[in-house]
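Please read the structure below before turning to the comments.
Laboratory data are not the source of any read-out in this text; all were calculated from the coordinates shown. Remember, predicted model here, so these are calculated numbers, not experimental data. Note that each Cβ is placed from the backbone with ideal geometry, even for glycine, and that neighbours are counted across all protein chains shown.
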Amino acid sequence: MTKEECFNLGYISRRVGNKGELAFILDVDTPSRYTKLESVFVEINKSLIPFFIKKIIISRNFATVTIDGIETVEGADEMVGSGLYLPLSFLPPLKEKKFYFHELNGFKVIDKNYGEIGIIQSVLDFPQQAIFQIIKDKNEILIPAKEEFIISIDRTKKELYLNAPEGLIDIYIQNKPEDDTEKETDEEQN
């Protein structure tokens, strides 16, 4: 299993007690969906290693977990700080304008005013705002990934329809017609 086939569930924040229990911080919208979690991938030395879960107790976005094979303080301490991953198939399907960041990679972007503007390279996840990183030819176009700018998502055709804020795409696309006054001034000087 690779990271590209998974989503980040959260991370192991600390050891709990002296029998190898761990504290997970769950970085997901609905932590309660994972109360019956049977296994998890833990990132160790840049590889995803599967572990079976013996017991999990979830409270808000915090979980106390007993992992099969981790029964000592030393074993638990070695796992602190490790990332937690699950296969993408664990994510429930989304509808309408809702989306997972990973699912839009490769989608064609069509703006209401400009038409096709490029392909989504990725959705950049910044603390203040997620951003669609769109590539057209060798140009990069950055548009906030806000629901209010999304007209619709066609998952079958892999197309995202937007109504970007006026002037935003102009910053990136330089296909403006030549200004006639500049042309006349050049001719007069010759």
As a footprinting exposure proxy, order S152, S82 by other Cβ within 10 Å, with the fewest listed first. S152, S82
Gaussian network model of the chain, Cα within-10 Å springs - most flexible of G167, G81, G106: G167
Max mean-square fluctuation residue, GNM over the chain, Cα-Cα springs under 10 Å, options F101, F24, F90: F90
So what's the net charge close to V73: Lys and Arg +1, Asp and Glu -1, counting the other residues with Cβ under 15 Å from its Cβ? -2
Which of R60, R33 comes first, and how do the rest follow, when ranked by fewest Cβ neighbours within 10 Å? R60, R33
Grab the DSSP H runs of the chain that are 4 residues or longer, score each as -39,500 (n - 2.57), total them, divide by all residues and round the 222 nm result to the nearest 500 deg cm²/dmol. -3000 deg cm²/dmol
Percent relative contact order of region 3-90, based on C-alpha pairs within less than 8 angstrom and at least six residues apart? 42
Which entries of K136/K157; K46/K136; K46/K146; K95/K146; K98/K138; K3/K108 show an alpha-carbon separation above 21 angstrom in the structure shown? K46/K136; K46/K146; K98/K138; K3/K108
Under 5 Å between amide H atoms, partner at least 5 residues away or on a different chain: which partners does E71 have, H built in plane at 1.01 Å? none
Cα lying deepest toward the dipole's positive end in the chain, options N61, L22, S82, charges on Cβ: L22
If I stretch the segment between K112 and I57 completely, what's the gain in nm (0.36 nm per residue apart, minus their alpha carbon distance), one decimal? 15.1 nm
Suppose we take every Cα in region 43-154 and form the convex hull; what volume per residue is that in Å³? 165
Pairs of Cα atoms under 8 Å, at least six residues apart: use those to get the relative contact order of region 65-162, whole percent. 21
Sites K136 and N163 - FRET efficiency at Förster radius 25 Å, r taken between beta-carbons, to 0.05: 0.90
Treating only the Cβ atoms of Lys and Arg (+1) and Asp and Glu (-1) as charged, compute the dipole magnitude of the chain about its Cα centre; round to the nearest 20 debye. 1680
Treating the beta-carbon of each Lys and Arg as +1 and of each Asp and Glu as -1, no other charges, what is the dipole magnitude of region 101-172 about its Cα centre, to the nearest 20 debye? 220
Skipping prolines and chain starts, which residues have an amide H placed within reach, meaning under 5 Å, of the one on A145, given they are 5 or more residues away or on another chain? A130, I131, F132
Before anything else, pin down the relative contact order of the chain: Cα pairs under 8 Å, at least 6 apart, normalised by residue count, whole percent. 16
In what sequence do T156, T2, T66, T72 fall when counting other Cβ within 10 Å, fewest first? T156, T2, T72, T66
In whole angstrom, note down how far apart the Cα centers of region 1-35 and region 52-67 are. 8
Size of the dipole of region 40-119 about the Cα centre, Lys and Arg at +1 and Asp and Glu at -1 on the beta carbon, nothing else charged, in debye to 20? 500
For F62, enumerate residues with amide H under 5 Å from its amide H, sequence gap 5+ or separate chain, H modeled in the peptide plane. L26
